[in-house]
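For reference, the structure discussed in these notes is given below.
The values are calculated or read from the model by the stated rules, or taken from the named source; none is laboratory data. Given the structure is predicted, the values throughout are model-derived calculations rather than measurements. Don't worry about glycine lacking a Cβ; one is built from the backbone with ideal geometry, like all the others, and counts go over all protein chains shown. What goes into the accessible areas is simple: the full protein's heavy atoms, side chains included, and nothing from ligands, DNA or RNA. Shrake-Rupley method; radii C 1.70, N 1.55, O 1.52, S 1.80 Å.
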Amino acid sequence: MNTNSTGFLLFMVNCVLTNNFIFSKFLGCCPFLGVSGKVETAASMGLAVTFVMTIASLFTYMVNAWVLIPLQLPFMQTIAFILVIAALVQFVEMFLKKASPSLYGALGIYLPLITTNCAVLGVATLNVTQQLDLIHSVMNGAFSALGFLLAIVLMAGVRERLESSKIPACMKGFPISLVTAGLMAMAFLGFNGLFSR
């Protein structure tokens, strides 16, 4: 394995596992806890977020590098990024409404909430603050989104199993979900130091 493929693997593992947006940065917790009741719904939400985060990373980089910086308007980044993300989410929403009305209904209010999902805005902002180039920005968006997808699907799998488990009445529902999320965050923390530069 050469240095480039090792660097690529390190970058991917770093985005997906080590710096998982949910478990290390605590971004995107609203859909993570709200849509992780069933694996199918969680996977669909994760795929929608993956698409939006990847494309948003591309478009926000272009808007920032080719519009805001040349016009000396970097202070408009947050507003511009939210507008780009909102347009992409609108596109995903229209596509799902046409292609899969049942999935559109299952995602409910959480689909338009991707616009205000702090993980999507967070990856766009991190790309700028870390001064990543176009390719690394898109890769960071895609792999961070895959980390979100992994986290939400794992959480949904655990929550489905918990429904048939004997749990004290005071822990059912949201409390056991928070305990589960905390344990999963500790497990993901174990990936720190997996690779060394």
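Peptide packing for 26-34, 91-99 was compared via the average number of neighbouring C-beta atoms within 10 Å per residue; ordered from the highest value, the list is 26-34, 91-99. Put a plus charge on the Cβ of each Lys and Arg, a minus charge on the Cβ of each Asp and Glu, and nothing anywhere else: the dipole of the chain about its Cα centre is then about 340 debye.
With the simple model of a label 7 Å out from the Cα in the direction of the Cβ, Trp66 to Arg161 spans 4.7 nm.
Each residue of the chain gets 136 Å³ once the volume of the Cα convex hull is shared out per residue.
The distance between label points at Leu134 and Met12 comes to 2.3 nm (points 7 Å beyond Cα on the Cα→Cβ vector).
Largest to smallest in accessible area, the residues Met184, Met53, Met171 fall in the order Met171, Met184, Met53 (1.4 Å probe, all protein chains included). Per-residue extension of 0.36 nm, minus the Cα-Cα distance of Gln90 and Asn192, leaves a gain of 33.1 nm for this segment. Cα centroid separation, the range 86-109 to the range 127-142: 27 Å.
For Ser164, the accessible surface of its heavy atoms amounts to roughly 100 Å² (probe 1.4 Å, protein chains only, rounded to the nearest 10). Only helices reaching 27 angstrom along their own axis (Cα) with mean Kyte-Doolittle hydropathy no lower than 0.0 count here, and for the DSSP H runs of the chain these are 39-63, 77-99, 134-163. Computed with a 1.4 Å probe over protein heavy atoms only, the accessible area of Leu9 comes to about 50 Å². Here the range 91-158 was treated as a single set of alpha-carbon atoms; its pair distances binned every 10 Å from 0 give 18, 38, 34, 10, 0 percent. Accessible area per residue for the range 1-83, computed on protein heavy atoms with a 1.4 Å probe, is 51 Å². Note on Lys166: lysines with a C-alpha under 21 Å away, same-chain residues under 8 apart excluded, are Lys38. Sorting Leu149, Leu47 on solvent-accessible area from highest to lowest, probe radius 1.4 Å, gives Leu47, Leu149. Note on Val179 and Ser24: their simple-model spin labels are 2.8 nm apart, each label 7 Å out from Cα toward Cβ. Could you work out the relative contact order of the range 46-197? I mean the mean sequence separation of Cα pairs under 8 Å and 6+ apart, divided by the number of residues, in percent. Once divided by the residue count of the range 46-197, the mean separation gives 35 percent. A 1.4 Å probe, protein heavy atoms only, puts the accessible area of Cys118 near 60 Å².
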